[in-house]
Every structure is written in structure tokens, then in C-alpha cells.
1. Just tell me which lysines come within less than 23 Å, Cα to Cα, of residue 2; anything on the same chain fewer than 8 places away is out.
2. Lysines near residue 46 by alpha-carbon distance under 22 Å, same-chain residues fewer than 8 away left out - which ones?
Amino acid sequence: MKKFFCWMVKILAVLAMLGAVIYAAVAYWDKIMELVCKVKSLISGKDCDCCMEDVDFADWEE
């Protein structure tokens, strides 16, 4: 019975960590993509504006 509870605690801990990672990725997606674009521009040596476009979705009508 003790092994079962230990196993359940481990599973819940892994699920909690996975949820935290997914939440952080969604919450900071813009900053993550900005970092990826900066790294791409450093590697290629060109100034890349592909990720730097500002799109305003407030004026969109359905």
C-alpha cells in the first residue's frame, strides 16, 4: 500500500511540473519567440525582422 501511495505522489508531482511548464510556455510565448528570433539573427549574421512584427488584434471584426 505504501508503494502505491508513493507512486501516486510521484505521478501527481510529474503532472504538476508538466502543467507548470505548459503554463509558463503559454504565458511567455511572445518573449520566447523574441529570444528565438534574436538567436537566429545572431547565428545567421543578418538582421531578422520576421518575428518582430506587431499585430494589433483589437480592430479585428468577425
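Laboratory data are not the source of any read-out in this text; all were calculated from the coordinates shown. Bear in mind that the values here come from a model prediction, so they are computed numbers and not experimental data.
1. 10
2. 31, 38
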